[in-house]
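Presented below is the structure to which this report refers.
Where a number appears in this text, it was derived from the coordinates with a stated rule and is not lab data. Predicted, not measured: the structure shown is a model, and the values here were computed from it. Cβ: placed from backbone, ideal geometry, glycine included. Neighbour counts: every protein chain shown.
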Amino acid sequence: MGPTVVIAQPASDPSSIPFPEIPDQATDELVAPLHDTPVLLVATAVVGQRYRSLSAALPGVHLHFAVKANPAPPVLRALAALGCRWDVASPGEIDAVLAAGGDPAHLSYGNTIKKSADIGYAYARGVRRFTLDSVGELAKVNAYAPGSTVLVRLNTSGEGADWSLGRKFGCSAKEAADLLDAAHDLGHAVGVAFHVGSQQRDPQAWDAPLALTARLRAGLLRQRTDLAVVDIGGGFPAAMLGDTPDDTAYGAAIAEAIQRRLGPRPPALMAEPGRSLVADAGVLETEVVLVSQRDGVRWVYLDVGLFSGLVEAYGESIRYRIEVHRDGRPLTGPDGEIVLAGPTCDSLDILYERYRYRLPLDLRPGDRLRFLSAGAYTASYSSVGFNGFAPLREEYR
């Protein structure tokens, strides 16, 4: 099978942007023609728009921002001002949220792999909600965070998502039932958590794990206790290449599944959006370093790659919309397919080879590419200086 060939879509194409509340002019306001590259530019006002849109689509569901998506203080402060809650994965993220004004009572420690010392640190700072998926982790939480709420994470298929998350995290239905029983016997309030995969395209993806949650809940109710909370995770998408329903479609499907599976009086509900809150607020601008021919295929090398902000291109699952500019103006004209690669002397640093973008045939060094919806998992993934290249620079407005 040959490569998939796609044409980079301009941000002004309404069909490519499923979130109409994002201003069409957002990228032009952010990016100056002669900006030093590579650079991530983020409009925090758009973060606020995305938070309000998803909140409206999921009434009754507390949104806990997945801090790993973008832990920049301006993002955290903007979300804190809106009453956002938090999904944290380390003491560093806990400190960052509290420094931004977050309430420790609204932090959920979602990482299922934690040092005992880190659990104790979180507990000392006021965190009272911990997610786990193993007996060993339950023993640590019980010892270092007594009386805390324990959420047991279920494994999911990740079907329908651009990036499945099922291999490393989550446990089976039998393991989950045993962990819920054990945690309850140890005196913990208990809950269930799951994640349907990152950039989930199917609004119905939440139904199957909610059905399993209902079965686990029924087992607890027979013991005269109930789930304290259900965490429906993240997966809400950003405006990447490909068709994606809008927030209201996800909200309607999830609300119907909750009603059908958990009834009119469900446990407390939370979600962990990350990408959907911050991705569309960001533009990653990069410069073309080299255009060359290799075995009859045009290769375009950029000053950003897998190690400096575009690690989500690994496996070519996350596919950004791209704009092309020269001297601050859109570059148009005849185009052809390319392989897109980063600047380092590492053979892994190839962004898109099977999945072929089409860029102008006149493309040359010094031209600029803008990766749109790049506000999530870019700067937070950037290396500290691999190959001597500086970490991805960030600017926030």
Practice task
Using a 10 angstrom cutoff on alpha carbons, build the Gaussian network for the chain and name the most mobile of 111, 142, 387.
Solution key: 387
Exercise for the section: Could you state the orientation-averaged shadow area of the convex hull built on the Cα atoms of the stretch 45-278, in nm² to one decimal? Expected result: 11.4 nm²
Exercise for the section: Apply the Karplus parameterisation 6.51 cos²θ - 1.76 cosθ + 1.60, with θ equal to phi minus 60°, to every residue of the stretch 48-63 and state each ³J(HN,Hα) to the nearest whole Hz, in sequence, with x for glycine and proline. Expected result: x, 4, 5, 4, 5, 5, 5, 4, 5, 6, 10, x, x, 10, 6, 8
Fill in the blank from the handout: Residues 141, 278, 229 in order from fewest to most other beta-carbon atoms within 10 Å are 229, 141, 278
Fill in the blank from the handout: With label points set 7 Å from each Cα along the Cα-to-Cβ direction at residue 167 and residue 103, the distance between them in nm comes to 4.0 nm
Problem - Cα long-axis angle, helix 207-221 against the chain (0 to 90 degrees, to the nearest 10) - result: 20 degrees
Problem - Hz values of 3J(HN,Hα) by residue in the stretch 318-335 - Karplus curve (6.51, -1.76, 1.60), Gly and Pro given as x - result: 8, 10, 7, 6, 10, 10, 10, 9, 9, 6, x, 10, x, 9, 10, x, x, 10
Practice task
Report, in whole Å, the centroid distance computed from the Cα atoms of the stretch 111-143 and the stretch 314-347.
Solution key: 42 Å
Practice task
Assign unit charges at the C-beta atoms only (+1 for Lys and Arg, -1 for Asp and Glu), then state the dipole size of the stretch 45-278 relative to its Cα centre in Debye, rounded to the nearest 20.
Solution key: 340 debye
Fill in the blank from the handout: Computed on Cα atoms, Rg of the stretch 83-149 relative to 2.2 N^0.38 Å comes out at 1.01
Exercise for the section: Would you look at the GNM of the chain, springs on alpha carbons closer than 10 Å, and say which of 169, 65, 386 moves the most? Expected result: 386
Exercise for the section: State whether the stretch 225-282 is rounded, prolate or oblate according to the following rule on the C-alpha gyration tensor (a ≥ b ≥ c being the square roots of its eigenvalues): a/c under 1.5 gives rounded; otherwise a/b larger than b/c gives prolate, and the remaining case gives oblate. Expected result: oblate
Exercise for the section: For the stretch 374-388, take each phi angle, set θ = phi - 60°, evaluate the Karplus expression 6.51 cos²θ - 1.76 cosθ + 1.60, and give the result in whole Hz per residue in order, putting x for glycine and proline. Expected result: 10, x, 10, 6, 10, 4, 5, 9, 5, 5, 6, x, 4, 6, x
Exercise for the section: Could you sort out which of 114/174; 115/174; 114/140; 68/140; 68/114 sit more than 19 Å apart by Cα distance in this structure? Expected result: 114/174; 115/174; 68/140
Fill in the blank from the handout: Check: C-alpha center the stretch 199-228 vs C-alpha center the stretch 286-306, spacing in Å is 47 Å
